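Undergrad: One structure is given below, represented as structure tokens, and several questions about it will come after.
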Amino acid sequence: MLSASELAGRLAQDAELVCRQYLSAGVRAGNYWIVGDVANSKGRSLYVHLTGPRKGKWTDAATGEYGDLLDLVRETCGLVDFRDVAEEARRFLSLPQPKSRPARPYELTDSPQVSRSTSERARGLFAMGKPLHGTLADAYLRQRGILRAAAHAALRFHPSCYYRDLVSGTTTSYPALIAAVTDGAAMVTGVHRTYLAASGLGGGKAPVEDPRRALGRLLGNAVRFRMPVNAPVPVMVAGEGLETMLSLSHVMPDMPLAAALTANHLVAFRFPPGGVRLYIAADADAAGRHGIEGLSRRAQAAGILPLVLEPELGDFNDDLRRLGPDRLTERLREQLVPEDAMAFLPA
């Protein structure tokens, strides 16, 4: 049976055919295949090398994601288990399949795999998750000062979520915090995975280079907390990181919040109806400033007042853990419009 790196190498030999199959919305441009993203959207952000020493490697300039063609098969098909990824790669390469195996409970087994979108796969993965309360993911967030995360329906726990190292090609699984990315109608369009160390390894994130990964359609959407559906949202907070927004939710439990997950996705966040004021949770790096500026311009164009919330330390989770909820609350009280401070902060 071929290993992951061997399968990736075989796919790279037919790189353009792979792209035409799995990224059909793209076009060839010189030595590259150009497309919007791994969800096969139209655009020019993601490029795949079709020739040379990097043949079969791809990078998404907007998100920083990268990988080989086996990763591309996984992402475009929205697959979770490596056996399913390998099965789909063998099907494309017309290689013999291993002996059939019984379906596991909740396993995604429809065929052909490519017939389902990444959003459908994301919904399947989220449905496989367990309620957060009392799980390793709940403990992880509590270690970070976020004590009421289990109250959020957007968060679940997966005890053994597939993970592939993008450099070595090795595959394994880790426990994971799963967050649902939803659109304005509360439809799950994607998921965000935070891979965690098993309890015996001392807690925290998994010992891998990139413990956070996303699947599905993120553009314009977000992980939402306390966000009403099909109703006006006059005041809300939007930001990048999941833990940043959960930290704000800890001290403002009734405030509608949205975690867009990256600076580029923050810029593209689709506003809910009825917006009057949009608070933007600041991230101190250059990408964060780009997200703030881009979203602010779009908010102003839509007639919404953008206001920036700045942490005292590196980010709002640092403020929560190192300064405490009372200090974070007072810091926010200084930055919110008075009527919003009265409505969403404790007296």
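What follows draws every value from the coordinates through simple rules; no lab data is involved. The shown structure was predicted, so the numbers you read here are calculated from the model rather than taken from an experiment. For neighbour counting, all protein chains shown are included, and Cβ atoms are generated from backbone atoms with ideal geometry for every residue, glycine included.
Undergrad: How long are the semi-axes of the equivalent ellipsoid of the chain, defined as square roots of 5 times the Cα gyration tensor eigenvalues? Whole Å, largest first.
TA: 37, 23, 17
Undergrad: Compute the long axis of helix 4-13 from its Cα atoms, compare it with the longest principal axis of the Cα atoms of the chain, and write down the angle in degrees, 0 to 90, nearest 10.
TA: Helix 4-13 and the main axis of the chain meet at about 70 degrees.
Undergrad: Pairs on different chains or at least eight residues apart, Cα atoms closer than 29 Å: how many lysine pairs in the chain fit?
TA: 4
Undergrad: Next question, about the same structure. Between Leu305 and residues 5 or more places away or on another chain, which pairs have amide H atoms under 5 Å apart, with H built 1.01 Å from N, and which residues are they?
TA: The list, which skips near neighbours in sequence, is Arg277, Leu278.
Undergrad: Roughly how many nanometres apart are two label points built 7 Å out from the Cα toward the Cβ at Arg270 and Val337?
TA: 2.5
Undergrad: Find the relative contact order for the chain and round it to a whole percent, using C-alpha pairs within less than 8 Å whose residues are 6+ positions apart.
TA: Taking the mean separation of contacting Cα pairs over the length of the chain, I get 10 percent.
Undergrad: Given a Förster radius of 25 Å and the C-beta distance between Arg28 and Leu95 as r, what FRET efficiency does 1/(1 + (r/R0)^6) yield to the nearest 0.05?
TA: E between Arg28 and Leu95, to the nearest 0.05, is 0.45.
Undergrad: Go through region 33-40 residue by residue and turn each phi into a ³J(HN,Hα) via Karplus (6.51, -1.76, 1.60, θ = phi - 60°); whole Hz please, and just put x for glycine and proline.
TA: Running phi through 6.51 cos²θ - 1.76 cosθ + 1.60 with θ = phi - 60° gives 9, 10, 8, x, 6, 6, 7, 6 Hz.
Undergrad: Next question, about the same structure. Please report the base-10 log of the normalised intensity I(q)/I(0) for region 1-95, using a Debye sum with one equal scatterer per alpha carbon and no solvent, at each q in 0.12, 0.16, 0.21, 0.24 (1/Å).
TA: The computed values of log10 I(q)/I(0) come out as -0.32, -0.57, -0.99, -1.28.
Undergrad: Using modelled amide H (1.01 Å from N, peptide plane; none on Pro or chain starts), what sits under 5 Å from the amide H of Ser173, excluding residues fewer than 5 places away?
TA: Tyr163
Undergrad: Next question. Quick check: net charge around Arg20, other residues with Cβ under 14 Å of its Cβ, Lys/Arg +1 and Asp/Glu -1?
TA: -1
Undergrad: Based on DSSP loop calls and a cut-off of at most 15 other Cβ atoms within 10 Å, the longest stretch of the chain free of exposed trypsin sites (Lys or Arg not before Pro) is what?
TA: Counting only loop sites that pass the neighbour cut-off, the longest clear stretch is 149-269.
Undergrad: While we're on this one: Efficiency by 1/(1 + (r/R0)^6): what FRET value for Lys42 and Ala302, r their Cβ-Cβ distance, R0 = 30 Å, to the nearest 0.05?
TA: E(calc), rounded to 0.05, equals 0.80.
Undergrad: Starting from the Cα gyration tensor of region 249-347, take the square roots of the eigenvalues, sort them a ≥ b ≥ c, and report rounded, prolate or oblate (rounded when a/c is under 1.5, otherwise prolate if a/b is larger than b/c, else oblate).
TA: Oblate is the answer for region 249-347, as a/c is 1.5 or above yet b/c matches or exceeds a/b.
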